[in-house]
Amino acid sequence: MNPAQQTGTIIGACIAIVLMIIADWKLFSKAGVAGWKSLIPIYNIYTLVKIVDGNGIKFLLLCLPIVNIVYGIILNLRMAKAYGKGTGFAIGLILLPNLFQLILAFGSSEYVGPQGKKN
């Protein structure tokens, strides 16, 4: 890679990170959780798991090899349900998570509770 390509890659990565932080902030706000919690590494994952699955301590499953892949898929399925979306949207979250999180954050979806259960 030449320096121009490296610079472009770094700028693109920074833009993607900022967009994901904004999307998480908006998703947290829709769930009635303070948006600033999306800024703190590890705590943001704990908070997201708590919002989506109802039990934040399950985020430790993401630290285990192989289990993290399976639980990551389950988490995306539950995220879609928690925001009132179906299985098709969940597949989108699994295959293109950044794009579909932005759609979830800025779309008309509403938070209905962990695993789609109304509070």
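The values are calculated or read from the model by the stated rules, or taken from the named source; none is laboratory data. Everything numeric here is computed off the predicted structure, so don't read it as measured data. Cβ coordinates were reconstructed from backbone atoms using ideal geometry, including for glycine residues, and neighbour counts include every protein chain displayed.
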Residue pairs within 8 Å by beta carbon, gap of at least six or interchain, first lying in the range 1-19 and assigned to a helix (DSSP H, G or I), second loosely packed, with under 10 Cβ neighbours inside 10 Å and modelled with pLDDT under 95, listed first then second, are T9/M1
Taking the range 41-83 and keeping residues outside any helix (DSSP H, G or I), within 24 Å of E110 (Cα to Cα) and within 14 Å of the chain's Cα centre (by Cα) leaves Y83
A careful count of residues in the range 63-97 that are closer than 24 Å to I15 by Cα, in contact with a helix residue (DSSP H, G or I) (Cβ under 6 Å, 6 or more places away or on another chain) and of a type outside the set (A, V, I, L, M, F, W, C) gives 2
Practice prompt. Using the structure shown, decide if D53 is at pLDDT below 95 and crowded, with 20+ Cβ neighbours inside 10 Å.
Written response: yes
Does A31 count as in contact with a Leu (Cβ under 6 Å, 6 or more places away or on another chain) and buried (at least 17 other Cβ atoms within 10 Å of the Cβ)?
-> no
Result of the Cβ filter at 7 Å on the range 57-82, keeping first residues that are surrounded by 12 or more Cβ atoms within 10 Å (Cβ to Cβ) and partners that are part of a helix (DSSP H, G or I) and of a type in the set (D, E, K, R), at least 6 apart or interchain, is L75/D53; R78/D53
Of the candidates A4, A23, the one satisfying the condition of being of a type in the set (A, V, I, L, M, F, W, C) and in contact with a helix residue (DSSP H, G or I) (Cβ under 6 Å, 6 or more places away or on another chain) is A23
If we ask which residues in the range 20-42 are charged (D, E, K, R) and without any contact (Cβ under 8 Å) to a residue 60 or more places away in the chain, their number turns out to be 1
Filtering the range 84-119 down to residues that are surrounded by 16 or more Cβ atoms within 10 Å (Cβ to Cβ), outside any helix (DSSP H, G or I) and without any contact (Cβ under 8 Å) to a residue 60 or more places away in the chain yields G84, K85, V112, G113
